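Student: I am attaching a structure below and will ask some questions about it afterwards.
The values are calculated or read from the model by the stated rules, or taken from the named source; none is laboratory data. Predicted model only: the values in this text are computed from it and were never measured. Virtual Cβ from ideal backbone geometry, glycine too; neighbours counted across all protein chains shown. Surface areas here come from the heavy atoms of the whole protein model, side chains and all, with no ligands, DNA or RNA. Shrake-Rupley method; radii C 1.70, N 1.55, O 1.52, S 1.80 Å.
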Amino acid sequence: MAHHGGSDPESEPNTRLYNPYHDLNLQVPNLYKLPTSPEFLFAEESLHQRRSWGENLTFYTGSAYLGGSVSGATVGLFSALRNFEQGDTLKLKINRILNSSGHTGRSWGNKIGVAGLIYAGIESGVVAVTDRDDVWSSAAAGLATGAVCRAARGVRSAAVAGALGGLAAGAVVAGKQVLKRHVPI
């Protein structure tokens with residue numbers, strides 16, 4: 001007897017049976033045993049409860065680009081609103097808003113997205129070398145990211161940006177841990 005969409009009680013405990021033709025009302029038995037939990041190539045991988053370096057790279061870069069684009073578009077909107085002139089038509093005002101928001105949003109998104117890319121790469125490297133994923137790893141990655149992003153402007157600018165980046169990354173991770181601990185979800 002075929003169980004549609006459910007798990008066969010006689011099968012392995014970590015799998016479920018799957019029939020891709022279930023919605024077509026065909027009398028086809030369950031064809032596949034799918035895992036109910038993630039599969040890992042090595043047992044050591046299952047012990048780490050964190051994203052891989054590729055997932056980190058994608059997440060931080062994408063989040064930074066999106067945040068930078070939205071922030072830049074907002075700044076561009078207010079800049080366009082400030083620059084309206086007395087005789088502007090509605091069509092000209094809309095054009096000015098779209099141009100300013102698009103230009104500033106793209107510019108900010110690219111700059112902050114690159115910073116997210118650098119941060120993700122450095123954090124993944126720090127975690128791989130130290131085998132620890134904690135506040136200090138994030139703070140070190142933030143410090144290095146700030147220093148790298150401002151290195152062309154001199155040692156003093158790189159040091160200040162590194163300190164600010166380290167403090168910001170550490171504060172964000174520490175705040176996330178406090179929220180996880182004290183705010184029920």
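Student: Exposed loop GluC sites (Glu not before Pro) only (DSSP loop, at most 16 other Cβ atoms within 10 Å): please give the longest stretch of the chain free of them, not including the sites.
Tutor: It works out to 86-185.
Student: Can you give me the Rg/Rh ratio for segment 73-156, using Cα atoms for both radii and the Kirkwood formula for Rh?
Tutor: My calculation puts Rg/Rh at 1.26.
Student: Can you tell me the accessible area per residue over the chain, all protein chains present, probe 1.4 angstrom, in square angstrom?
Tutor: Accessible area per residue: 72 Å².
Student: On to the next question. Using per-residue counts of other Cβ atoms within 10 Å, averaged over each peptide, order 74-84, 136-146, 103-113 from highest down.
Tutor: In decreasing order of mean packing, 74-84, 136-146, 103-113 become 136-146, 103-113, 74-84.
Student: Helix 90-130: angle to the longest alpha-carbon principal axis of the chain, degrees 0 to 90, nearest 10?
Tutor: Orientation of helix 90-130: about 60 degrees from the principal axis.
Student: In vacuum, with every alpha carbon of segment 140-185 counted as one equal point scatterer, what does the Debye formula give for log10 I(q)/I(0) at q = 0.28 Å⁻¹? Two decimals, please.
Tutor: Each listed q corresponds, in turn, to -0.83.
Student: Given a 1.4 Å probe and every protein chain left where it sits, what share in percent of the accessible area of the chain is carbon and sulfur?
Tutor: Of all accessible area on the chain, carbon and sulfur atoms account for 63 percent.
Student: By what distance, in whole Å, do the Cα atoms of the chain stretch along each of the three principal axes, largest value first?
Tutor: Over the chain, Cα extents along the principal axes are 77, 51, 33 Å.
Student: Still on this structure: Please say if segment 16-119 is rounded, prolate or oblate, where rounded means a/c under 1.5 for a ≥ b ≥ c the square roots of the C-alpha gyration tensor eigenvalues, and otherwise the choice is prolate for a/b larger than b/c and oblate otherwise?
Tutor: Verdict is oblate for segment 16-119.
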